[in-house]
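To start, the structure itself, in structure tokens.
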Ligand SMILES: C[S@@+](CC[C@H](N)C(=O)[O-])C[C@H]1O[C@@H](n2cnc3c(N)ncnc32)[C@H](O)[C@@H]1O
């Protein structure tokens, strides 16, 4: 679901940009790369993570988002960066061949997608064997996502069940390389790195 204006302000502010890059730096430490790497980011939002990857890694990054306005924001000032491209794409129906990418990055996206399980299945499909999923999510209590659904100012918050994520990824034969669940007052922050089987 596309974000409302208020959430866009949050996602596009300097603090969110910095936080995304710091998370990418931290989680990419768990990823072993020995060659040119093809990266995909889904729901890239402000584009800062993709810019960071394009700058510091050898390979190409395709940054996608369902919202073309976010793609326009993210693309700003990147015209001369040859290994970075932006594209509108729905994470539930990715316009890429099977086994195209070495790394898929998804930060704070699935909790915006009704039927997020389809997006997870698409991630599995487009990852190469031994590819990595670099993942972060905000987990809201079910009560909050239910209240959000009936609110006039809905953020489109889906309730994500980490056990379901883990069990789907297990079924897809992904190995967990790293995971951390941190509780805050309102929600929980989950971060993880998974690797697809050979
Ligand atoms: C909370 S923002 C996170 C943005 C960025 N990843 C970050 O961490 O700052 C969620 C993003 O997911 C995008 N999004 C929502 N539904 C999507 C879908 N079905 N496919 C792709 N992107 C989607 C939104 O447009 C938005 O940019």
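Every number in this text was worked out from the coordinates using simple rules, so none of it is lab data. Only a predicted model underlies this, so the values are computations on that prediction, with no experimental measurement involved. Glycine also receives a Cβ, built like all others from the backbone with ideal geometry; neighbour counts cover every protein chain displayed.
Beta bridges assigned by DSSP with both partners in the chain are antiparallel in approximately 45 percent of cases. Taking 0.36 nm per residue of separation and subtracting the Cα-Cα distance, full extension of the segment from residue 176 to residue 81 would add 30.9 nm. Think of it as helices only: each DSSP H run of n ≥ 4 in the chain is worth -39500 (n - 2.57), and spread over all residues that comes to -10000 deg cm²/dmol at 222 nm. Among 27, 133, the ranking by other beta carbons within 10 Å of each residue's beta carbon, starting with the fewest, stands as 27, 133. Taking the square roots of 5 times each eigenvalue of the Cα gyration tensor of the range 1-107, largest first, gives ellipsoid semi-axes of 21, 16, 13 Å.
Ordering 56, 132, 140, 172 by the number of other Cβ atoms within 10 Å of each residue's own Cβ, fewest first, gives 56, 172, 140, 132.
For the pair residue 68 and residue 128, label points projected 7 Å from Cα toward Cβ lie 3.2 nm apart.
Between the range 56-112 and the range 156-181, how many Å separate their Cα centres? One Cα centre to the other: 21 Å. Semi-axis lengths, largest first, of the ellipsoid equivalent to the chain are 24, 21, 15 Å, with √(5λ) applied to each eigenvalue of the Cα gyration tensor. Length gained on full extension, residue 98 to residue 162: 20.5 nm, using 0.36 nm per residue less the C-alpha separation.
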